[in-house]
Structures are given as structure tokens and as C-alpha cells.
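J.: Below is a structure I'd like to ask you about.
The values are calculated or read from the model by the stated rules, or taken from the named source; none is laboratory data. This structure is a prediction, so every number in the text was calculated from the model and none was measured. With ideal geometry, Cβ positions are generated from the backbone for all residues, glycine too; neighbour counts draw on all protein chains shown. Just the protein is used for accessible areas: all its heavy atoms, side chains included, with ligands, DNA and RNA removed. Shrake-Rupley method; radii C 1.70, N 1.55, O 1.52, S 1.80 Å.
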Amino acid sequence: MNVPMFDYLAQFRALEPEFRSAIDRVLGSGLLILGPEVEAFEREMAAQLGPGQVVGVNSGTDALVLALTALGVGAGDEVITVANTAVPTVSAIRELGAVPVFCDIDPTTCLLDVGAVRTTAKTRAVVAVHLYGNCVDITALRAKVGDHIAIVEDCAQAHGASWRDRPAGTMGDAAAFSFYPTKNLGAYGDGGAVYCADPARAAVIRSLRMYGFEGQYYAEREGRNSRLDPIQAAILRVKLPHLGAAVARRRAIAAQYDRLLSPSVKRVVAAPDVAHGYHLYVVRVPERERLRTALRERGIQTGVHYPHPIHLMRGYAFLGYTPGSLPETERAADEVMSLPLYPELDDAAVEYVATTLNQLV
Ligand SMILES: *Cc1c(COP(=O)(O)O)cnc(C)c1O
């Protein structure tokens with residue numbers, strides 16, 4: 001049996017006629033920048049989250065950059081985050097000239113260890129990464145850092161997750177979502193969005209994504225070009241009504257892995273009170289490369305999210321971290337392994353992955 005990490009075509013075929021007519025609708029409209037498709041998508045996505053606004057942008061990275069900018073983060077400010085995340089969490093902070101300050105993780109959840117967060121006079125924000133679809137306790141984080149520090153939720157992996165019935169993305173000052181094709185809500189190219197409850201701040205983000213304009217040809221502030229493409233918005237509108245069912249299916253697959261995997265396979269666990277979004281199902285194994293090779297030989301793809309903690313990457317050596325500075329983060333990077341999980345994966349494949357892994361550990 002062959003079990004990939006992701007099956008783009010299975011997902012495409014399931015809704016192919018709807019995708020084609022959505023794309024045709026945009027092509028026939030002549031409205032190729034922002035416009036009604038983007039506005040409709042923004043409204044529909046916001047309606048699933050809460051009373052705030054969604055602003056469609058070019059990528060999850062840009063969503064972080066624009067959210068942090070609108071929250072007043074700039075050059076020299078310190079932004080606390082984790083080093084076991086996708087590089088864009090950190091590159092977004094650097095794009096503003098701000099300084100990422102890494103905090104270690106809780107080894108059971110692999111999330112930011114809120115108890116270990118230490119703010120300084122220069123701390124301006126925290127980017128809380130809801131890694132794998134698991135959620136950082138934003139209420140505890142808020143209590144820890146106080147009201148004067150901005151909290152941005154990195155929801156790139158947590159679309160559809162929630163904490164005590166509050167959707168991921170609605171608990172901080174702003175949230176960044178990514179529509180990278182493999183994410184829980186994936187476009188057919190790049191895309192992203194900011195969710196923000198404060199309408200004035202949402203208006204600033206809207207302006208920032210369009211050259212800083214307010215009105216026509218007038219820059220109220222320094223902005224850029226970071227607009228969600230209307231063809232992608234039309235595609236996302238096809239998928240959005242199915243997001244809840246897709247996340248439910250992800251949870252069912254995760255529950256099946258939970259049940260079938262032998263107790264000797266150590267898992268990254270859901271944090272308390274979290275309805276996990278299961279963008280990824282992650283186990284922690286010694287001898288990871290031996291296992292990955294053996295699984296590959298049996299037709300099973302696996303992933304590693306992520307093999308290198310960012311504080312030890314050459315591109316970020318200038319930040320001055322050394323091996324041993326984030327012990328739990330570094331241990332996790334050596335051990336984590338992601339199993340195949342996407343909504344179209346069937347029960348037989350999940351069972352094959354679990355039983356094969358059980359035989360190998
Ligand atoms: C995917 C991802 C991003 C970046 O999103 P892009 O749309 O690829 O720019 C940021 N943070 C995390 C945690 C991600 O997984």
C-alpha cells in the first residue's frame with residue numbers, strides 16, 4: 001500500500017466542477033484585483049470565526065508581517081516566539097527589523113511554554129504559534145505578559161482548531177492564517193489572511209496590503225502590495241463550507257492513530273481544553289531516520305516538522321544562540337515525526353500506517 005503525506009489530486013477531484021466554475025466566474029468578471037470574490041471570502045471566513053474582520057493577503061508570512069505592523073511592532077522591538085516553527089514565523093518578525101527572542105517549549109505539547117516566557121522592557125509582542133493545530137493557552141499567556149504586550153496568534157496550522165469553544169485566532173490581538181496548499185484550508189497557490197477583532201486595526205491592515213492607501217492614490221502610511229488573489233479567493237470559497245467536516249475527519253484519523261498505536265510510541269499530546277485541528281499528527285521517536293527509511297520501504301511517507309530549530313540555523317546565527325540554549329526545543333527537533341494525515345486518507349491506510357509503525361519500534 002502507498003500512503004503519501006498529502007494527496008492534492010484526491011481533494012481536487014472531489015470538488016473539481018465547483019473549482020472550475022469558480023475560476024471561470026472570476027475570469028469572466030474582469031475583476032482581477034481584490035473585488036467581490038475577495039470581499040465575499042473575507043466575510044464568509046470571518047463568519048466562521050467571530051465578530052471581527054478578515055483581511056485577505058498574499059501569504060501567511062505577510063499576514064504575520066501586516067498584523068505585527070498594525071500592532072505597532074517595529075525596528076528594535078523584541079518579539080517572543082518559539083524556534084520549533086516554520087521559518088516564516090521568524091522571517092516575518094525580522095522583516096520588520098524586530099528581534100525574535102526564543103522561548104523554550106513544553107515537551108508534552110511542543111507548544112510555547114507559557115511559564116517560561118520572560119518579558120523585558122523591549123518586549124513588544126508575542127507570536128504564539130498554534131503548532132500542528134494544537135493551541136497555546138492565550139488566556140494564560142495574556143495573564144503572564146499583561147495588556148501592554150501584543151499577542152499575535154500564528155494560526156497557519158490551526159485553522160478550525162479551538163480552545164474552550166473559542167476558535168483559534170480569536171483570542172489574541174490579531175491572528176495570521178495561511179492558505180498554503182497543504183494547510184487545513186489550502187488554496188491552489190499562495191494566500192493568507194489576518195483576523196482582527198478591532199475594526200480600526202483591521203482597516204489599517206487593509207490599507208497596508210494596498211500600498212498604504214486610504215482612498216485612491218494616497219498613501220496614509222507606508223504599505224506594500226500583499227493582496228489575496230481573487231482566483232484563489234474563489235477557490236477558497238468552494239472549500240470553506242467543507243472546512244468543518246475536513247477538520248472533523250482529521251480528528252477522526254488522529255483518534256484512530258491514538259487508539260491503534262502501541263503505547264510505546266510516544267505522541268505529542270493535545271493541550272488541555274483544546275479541540276485540536278490536527279494539521280499534523282506527530283509522534284516522538286528515537287532513531288528517527290532508521291524508522292523513516294523502513295516506513296518508506298513499506299510505502300509510507302512521513303514528515304519532520306521541523307528537523308532544525310531556527311535558533312541553530314546558519315541564517316539566524318547572528319541572533320547569538322548556541323546548542324543547549326533551548327534544550328526541549330532541540331530534543332524535539334531530533335525526535336518528532338509526522339504521520340500521514342489528510343481528510344481523504346481512508347481508515348485502511350491509517351490502520352496500515354499504525355500497524356507497520358508498531359512492528360518497527
Ligand atoms: C505555513 C506557515 C507559515 C507561513 O505561511 P505561508 O503562507 O507559507 O507564508 C507561518 N507559520 C507557520 C507555523 C506555518 O506553518
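J.: Taking a ≥ b ≥ c as the square roots of the Cα gyration tensor eigenvalues, with a/c under 1.5 meaning rounded and otherwise prolate when a/b beats b/c, else oblate, which class fits the stretch 53-208?
T.: In terms of gyration-tensor shape, rounded.
J.: For G60, what charge total do you get from the other residues with a beta carbon under 14 Å from its beta carbon, if Lys and Arg give +1 and Asp and Glu give -1?
T.: -3
J.: What does the extension gain come out to for A252 and F6, with contour length at 0.36 nm per residue minus their alpha carbon separation?
T.: Here the answer is 86.9 nm.
J.: Quick one: net charge around R284, please, counting Lys, Arg +1 and Asp, Glu -1 for every other residue with C-beta under 10 Å from its C-beta.
T.: Result for the neighbourhood of R284: +2.
J.: Kindly provide the helix-only [θ] at 222 nm of the chain, computed as the sum of -39,500 (n - 2.57) over DSSP H runs of four or more divided by all residues, to the nearest 500 deg cm²/dmol?
T.: -11500 deg cm²/dmol
J.: For the chain, with a Gaussian network of springs between Cα atoms less than 10 Å apart, report the residue from V129, V282, V269 with the top mean-square fluctuation.
T.: Evaluated over the chain, the most mobile residue of the options is V269.
J.: Kindly identify the chain as rounded, prolate or oblate by the Cα gyration tensor criterion: order the square roots of the eigenvalues as a ≥ b ≥ c, call it rounded if a/c is under 1.5, otherwise compare a/b with b/c, prolate if a/b is larger, else oblate.
T.: Oblate.
J.: What whole-number distance in Å separates the alpha-carbon centres of the stretch 178-255 and the stretch 1-66?
T.: Here the answer is 8 Å between Cα centres.
J.: Select from G56, L66, G303 the residue farthest towards the positive end of the dipole of the chain; place +1 on Cβ of Lys and Arg, -1 on Cβ of Asp and Glu, and compute about the Cα centre.
T.: Positive-end residue among those listed: G303.
J.: Could you check the spin-label model distance between R164 and D346? Points 7 Å from the Cα along Cα→Cβ, value in nm.
T.: Taking the simple label geometry, R164 and D346 are separated by 4.2 nm.
J.: Now for a separate question. Show which lysines lie in cross-link reach of K122 when reach means a straight Cα distance below 28 angstrom and same-chain residues fewer than eight apart are skipped.
T.: The qualifying lysines are K144.
J.: Something else now. When only Cα pairs under 8 Å and 6 or more residues apart are kept, what is the percent relative contact order across the stretch 122-178?
T.: 37 percent
J.: With every protein chain present, what is the per residue accessible area of the chain (1.4 Å probe, Å²)?
T.: Normalised by residue count, the accessible surface of the chain is 42 Å².
J.: Hey, another quick one. Give me the one-decimal nm value for the distance between modelled label points at M313 and Y217, 7 Å along each residue's Cα-to-Cβ direction.
T.: 4.1 nm
J.: What is the projected area of the convex hull of the Cα atoms of the stretch 242-286, averaged over all directions, in nm²?
T.: Over all viewing directions, the stretch 242-286 projects a mean Cα-hull area of 3.5 nm².
J.: Something else about it: With springs only between Cα atoms under 10 Å apart, run a GNM on the chain and tell me which of L141, L112, L131 wobbles the most.
T.: L141
J.: Rounded to the nearest Å, what's the spacing between the alpha carbon centres of the stretch 273-339 and the stretch 90-166? Just the number, please.
T.: Centre-to-centre (Cα) distance: 19 Å.
J.: Run the quick spin-label model on A40 and R25: label points 7 Å from Cα toward the beta carbon, then report their separation in nm to one decimal.
T.: 0.3 nm
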